[in-house]
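The values are calculated or read from the model by the stated rules, or taken from the named source; none is laboratory data. Remember, predicted model here, so these are calculated numbers, not experimental data. Cβ: placed from backbone, ideal geometry, glycine included. Neighbour counts: every protein chain shown.
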Amino acid sequence: MVDTAAPALAVSAPRQQTRGNVARAWAQLRRNRAALVGLVIVAVLVFTAIFAPFLAPYNPYTVALDQRLQPPDATHLMGTDELGRDILSRLIYGARVALWVGIVTVVLAGTLGIGAGLAAGYLGGRWDAIIMRLVDVFLAFPVIILAIAIVAVRGPGLTNVLIALALVYWTSYARVSRGTVLLLREEEYTWAARTLGASPVRIMWRHLLPNAIAPLVVLASLGMGNAILAEAALSFLGLGIQPPEASWGSMLNFGMQFLRDASFLSTFPGLAIFVTVLGFNLLGDGLRDALDPRMRT
């Protein structure tokens, strides 16, 4: 009779360590003030995006030409744009677009990249060669240039921006997940699962992915900021979110026309992009320190 108790325990051992690892990571994160600042910024962004209809003082799409280019005052805290629309309201609604772009881009790119990286790292051989050469092809192009090319071919709009950004950023997830799996596939619990007859898909999904999640979480946090910044760049060039939809990048573009006489049109959207990306970067750096065993004190 084959004793399966030891392999079963070996397979479940990493899962038993998960709760302890999460608790230690959270304790480490709380000691990092910069990471907490980033977490607060991200939390404010999420809150603003969810409750935008209640937080916006005006309808962001209402045109009032008799109030165009008004400087910040008690009525319009951030002034009005070239069509008399309230800038604060448009910034609040723009947070929805930014957060949606970040989340969908990370989900699409992460799903595609992690799946490809798991297959390349665990299966190896021909699969590894094909997938990684495809990654090399995508990495041969500058990120923003490739995104511009994809959107230019498919046309501007939110859907095409999401597709372009997912195709641009999936390579990062593929490389990170592959490199992690190359280390994990030789661990005892992987051999135990293989000995018990688990299929490659089950091993990758149930045993390798949960133990490779730490660097991927960090990459996803940083990827949110990168996606928001890339969408703003595309919208600034007129290839992203189209008017009258509120987008920080398009607001920045229109504000550039009045930079000398009404600089506030560009200042507030630029600050929104800067603070948001900074928040995700600070949070990502904090997660990296918290999830990296070498950084624990």
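Quick notes on this one:
- Exactly one residue out of SER199, SER177 is among the hydroxyl-bearing types (Ser, Thr, Tyr), farther than 16 Å from ALA230 by Cβ and touching a Gly at 6+ places or on another chain (Cβ under 8 Å): that is SER177.
- Test: residue in region 85-105 that is at pLDDT below 90 and touching an Asp or Glu at 6+ places or on another chain (Cβ under 9 Å): no
- Of the criteria (1) surrounded by fewer than 23 Cβ atoms within 10 Å (Cβ to Cβ); (2) at negative phi; (3) in contact (Cβ under 8 Å) with a residue 40 or more places away in the chain, which one GLY238 fails: (2)
- The set of residues in region 129-145 that are assigned to a helix (DSSP H, G or I) and either over 17 Å from SER235 (Cβ atoms) or among the aromatic types (Phe, Trp, Tyr) (or both) comprises ALA129, ILE130, ILE131, MET132, ARG133, LEU134, VAL135, ASP136, VAL137, PHE138, LEU139.
Rundown of residues vs (1) out of contact with any Cys (no Cβ under 9 Å at 6 or more places or on another chain); (2) free of Cβ contacts under 8 Å to residues at least 60 places away in the same chain; (3) buried (at least 23 other Cβ atoms within 10 Å of the Cβ); (4) part of a helix (DSSP H, G or I), yes/no style:
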| residue | (1), (2), (3), (4) |
| --- | --- |
| PRO215 | yes, no, no, yes |
| MET224 | yes, no, yes, yes |
| ILE228 | yes, no, yes, yes |
| PRO243 | yes, yes, no, no |
| GLY255 | yes, no, no, yes |
| SER266 | yes, yes, no, yes |
| LEU282 | yes, no, yes, yes |
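- Subset of region 49-93 [in a helix (DSSP H, G or I) and in contact with a strand residue (DSSP E or B) (Cβ under 9 Å, 6 or more places away or on another chain)]: GLN67, ILE87
Each row is one residue, and each column tells you yes or no for (1) of a type in the set (A, V, I, L, M); (2) part of a helix (DSSP H, G or I); (3) over 30 Å from GLU245 (Cα atoms); (4) under 17 Å from the mean Cα position of the chain (by Cα).
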| site | (1), (2), (3), (4) |
| --- | --- |
| ALA119 | yes, yes, yes, no |
| TRP127 | no, yes, yes, no |
| ALA164 | yes, yes, no, yes |
| LEU183 | yes, yes, yes, no |
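Matching residues to (1) within 25 Å of VAL42 (Cβ to Cβ); (2) surrounded by fewer than 21 Cβ atoms within 10 Å (Cβ to Cβ):
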site: ASP66; (1), (2): no, yes
site: VAL97; (1), (2): yes, no
site: TRP100; (1), (2): yes, yes
site: GLY117; (1), (2): no, no
site: GLY124; (1), (2): no, yes
site: PHE141; (1), (2): no, yes
site: ALA147; (1), (2): yes, no
site: ARG154; (1), (2): no, yes
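- Cross-chain or 6+ apart pairs with Cβ under 6 Å, region 26-41 first and within 12 Å of GLY284 (Cα to Cα), then part of a helix (DSSP H, G or I) and of a type outside the set (A, V, I, L, M): LEU29/GLY286; ASN32/GLY286; ALA35/GLY286; GLY38/GLY279
- Residue in region 186-193 that is farther than 26 Å from ARG133 by Cβ, among the hydrophobic types (A, V, I, L, M, F, W, C), assigned to a loop (DSSP other than H, G, I, E, B) and out of contact with any strand residue (DSSP E or B) (no Cβ under 6 Å at 6 or more places or on another chain) present: no
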